[in-house]
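Here the structure is laid out as structure tokens; the discussion comes afterwards.
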Amino acid sequence: YTWTPPHFWALAIHRRDDYAKADIPMLPVTHGNEFTKTCVILYTILLILATWLPFLIQMTGWVYFIGVNILGAWFLYYTLKLKFKPEISTAFKTFKVSITYLMVLFLVLLVDHYTKFLF
């Protein structure tokens, strides 16, 4: 669940004018881009913390923990860039990073499952 808000809000920032024209009350339309960007960062931090839980309850191993920290740092980097150093394409790049993030997270989980007994 915590992956969904930063994923869709990044897209909503990118397509804000379209949502406004269609009168769809997405967060950037109702509360503005800056508020939405702050929410994207906060939910990404919450997402990173949530991805630590499988490791903390010993459901996964070190491969997973190292992988999700690298992925989390990568996603957080783009959300911070979106807030503090945005370019025209940063919102859409953040959206694309979120898609790749989720796919690679599941791959890391799979790799960890088959390698955790090695470490």
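Each value in this text was obtained by applying a stated rule to the coordinates, not by laboratory testing. What you see is a predicted model, and the numbers here were worked out from it, not measured in a lab. All Cβ positions, even for glycine, are placed from backbone atoms using ideal geometry, and neighbour counts span all protein chains on display.
Annotated for the chain: lysine pairs at least 8 residues apart or interchain, Cα distance under 19 Å, count 11. Shown here for region 1-40: chymotrypsin sites (Phe, Trp or Tyr not before Pro) in loop regions (DSSP other than H, G, I, E, B) with at most 10 other Cβ atoms within 10 Å, namely 1.
For residue 60, the residues 5 or more places off, or on other chains, whose built amide H falls under 5 Å of its own are 55. Distance from the Cα centre of region 1-31 to that of region 71-104, in angstrom? So the two Cα centres are separated by 15 Å.
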